[in-house]
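The values are calculated or read from the model by the stated rules, or taken from the named source; none is laboratory data. The shown structure was predicted, so the numbers you read here are calculated from the model rather than taken from an experiment. Every residue, glycine as well, gets a Cβ built from its backbone with ideal geometry; the counts of neighbours run over all protein chains shown. When the accessible area is computed, the model is the full protein with side chains, heavy atoms only, and any ligands, DNA or RNA have been set aside. Shrake-Rupley method; radii C 1.70, N 1.55, O 1.52, S 1.80 Å.
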Amino acid sequence: MALILSIDTAVSVCSVSLHRKGQLLGLLELHQENIHAQRLMPAIKTLLDQAGLESKQLDAVAVSEGPGSYTGLRIGVSTAKGFAFAHDIPLVSVGTLDALAMQVKPFLEGGVFIIPMIDARRMEVYCKVFDGRMSEIESVRPVIVDEGSFEEYLEKGTVYFVGDAVKKVSEVLQHPNARYLHLTNSATSVGEIAFHKFEKKEFSDLAYFEPNYLKEFKVVKSKKNPLML
């Protein structure tokens, strides 16, 4: 039946979805920061209850693997791994930027590029580049955005920028071929991609899988008290 629970906590949105054979059964999203730890498990239970299902009926669990918020990714991945261990089902990991790019499909036309991006610090973003066929052109990397960023793509055709970084990027990067879509991460597109990976049996190793933080996480000491983290 390929019943898949999908989790996306890479950014401030806490998003969970259910798909059966790639078709969306239900979606629950909470648009509030710093609630993943408290609200993720209740959200999953509510979603399952609304669908009249139990977690033991799941065939797989999918999770947004990053990049994104260190805390959000850690909570999402640990929860997904817990479900996979508890029910002896496969874990499917989906790139956060791949899932973002998937949301642009309804807007696609010939000769376009898709650049999903996640807000990092200041003018830095984590991004990836796809063509209109969803083929990867540039792999995930951090970029400091300025007036000349992504010029090689903007000069060739329409470029769709999508993600929680588009507001700050649109204020700096202005070009007639730039299209800014204010869409954020969603477990809906994670589930779409996960279904295709499930069919191909592209599963992650439960014992060794870790989120893709892209950058090493650093704990900053308190300036008021250097002995405290």
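Quick rundown of the values:
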item: Ranked by how many other beta carbons lie within 10 Å on average, peptides 105-114, 180-189, 61-70 from highest; result: 61-70, 180-189, 105-114
item: Extreme residue, positive dipole direction of region 51-169, given options 161, 69, 134 (C-beta unit charges); result: 69
item: Debye log10 I(q)/I(0) at q = 0.21 Å⁻¹ for region 72-136, Cα point scatterers; result: -0.89
item: Calculated on alpha-carbon atoms, Rg and Dmax of the chain in Å; result: 18.1, 57
item: Rg and Dmax of region 21-66, Cα atoms only, in Å; result: 11.7, 32
item: Flagged links, alpha-carbon separation over 19 Å, of 21/81; 128/156; 45/105; 21/56; 128/215; 156/215; result: 21/81; 45/105; 156/215
item: Accessible area per residue, Å², the chain with all protein chains present, probe 1.4 Å; result: 52
